[in-house]
1. Trypsin sites (Lys or Arg not before Pro), restricted to the range 212-280: which are DSSP loop and have at most 16 other Cβ atoms within 10 Å?
2. Compute the length gained on full extension between C218 and N114: take 0.36 nm times their separation in residues and subtract their Cα-Cα distance, giving the result in nm to one decimal.
3. What's the Kirkwood radius of the chain in Å, using all Cα pairs?
4. Do the sum for the chain: with -39,500 (n - 2.57) for every DSSP H run of n ≥ 4, divided by all residues, what is the mean residue ellipticity at 222 nm, to the nearest 500 deg cm²/dmol?
5. Given a Förster distance of 30 angstrom, what is the FRET efficiency for F127 paired with K233, based on the Cβ-Cβ distance and rounded to 0.05?
6. Quick one: longest stretch of the chain between exposed loop GluC sites (Glu not before Pro), exposed meaning at most 13 other C-beta atoms within 10 Å and loop per DSSP?
7. Pull out a ≥ b ≥ c, the square roots of the eigenvalues of the alpha-carbon gyration tensor of the range 6-95, then state rounded if a/c is under 1.5, prolate if not and a/b is larger than b/c, and oblate in the remaining case.
8. Under the rule a/c < 1.5 gives rounded, and otherwise a/b versus b/c splits prolate from oblate, where does the range 35-181 land using the Cα gyration tensor?
Amino acid sequence: MVSALIHGNEICGAIALDQLLSSSFAPDRGSLIAVFANVAAFSRFDTTQPYASRFIDEDMNRLWSREILDSTRQSVELARARELRPFAEAADFLLDLHSTSLPAPAMLLCGSHNKGRLLAAKMGYPFHVVADEGHSSGVRLRDFGDFNNGSTTKSSVLVECGQHFDSESPTIALKTIAAFLFACGMLDQDSEQFPRPASSTEQRLIEVSHAVTIQSDCFSFSGEFQCFEVIPKAGTRIAQDGTHDVVTPYDNCVLVMPARQPHKGQTAVRLGRYVPDTKD
Ligand SMILES: [Zn+2]
């Protein structure tokens, strides 16, 4: 399963998926489930308010727990998630296509289980891989059900293809789809349908240890952080949340995807470290 538009304004994945479906592509084996998820939000896309069409009622990428899907709660996004649920349950592998609000290098988010890391390594593209557990505000599609169960083989990755609306992002999305199809065995190694993306000989893996959830209505970062800044010293203040200082928990702390507009209850930034440093 390859899904785009879980966030209605993250259009690069939809452009790439549309290109794939408009081409003569046919998998060498298996079946591809192609998903345009939040079409309702996307259909409201307005170039004068490009961030407004992320969702209509609520973030569709925080709804993927059985408790919420089975509940009686209603929203535009929940109705659509319930339609998509059987497809997500049927998929052996999932690639979920996204982009970021601030400029950031492309990265795969592979979850916290080893199987996600193995899938990311098999893809070999893009260069940065982030192992994280998601958000306290709700479950992502990539963590839905058995995708987040270490004892099954169902595997998923989420890709951030750079910043929203960056003209390079659809190309990155299409290359990531190709890497995913090769890694899942849906394309033969010698397939000429797609050039294999030049894989980085060694990807860089960041292990996320903390997701900083915003506690107050008054949150601000201490600097103009974008992504992957390394803060050398433990205890360095990186943000203020109400009266509380947010400080780095260890030396050489890597900041992953700071939020453009921090809101209470949401993730402000994830904190992690490059894997070779974890033994320090
Ligand atoms: Zn997104």
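1. K233, R260, K264, K279
2. Length difference between fully extended and current span is 33.7 nm.
3. Evaluated over the chain, this radius sits at 19.3 Å.
4. -6000 deg cm²/dmol
5. Calculated transfer efficiency: 0.70.
6. After excluding every exposed loop site, the longest remaining stretch is 1-167.
7. It comes out oblate by the Cα gyration axes.
8. Judged from the Cα gyration tensor, the range 35-181 comes out oblate (a/c at least 1.5, b/c at or above a/b).
Every number in this text was worked out from the coordinates using simple rules, so none of it is lab data. All values derive from a computational prediction rather than experimental measurement. Glycine also receives a Cβ, built like all others from the backbone with ideal geometry; neighbour counts cover every protein chain displayed.
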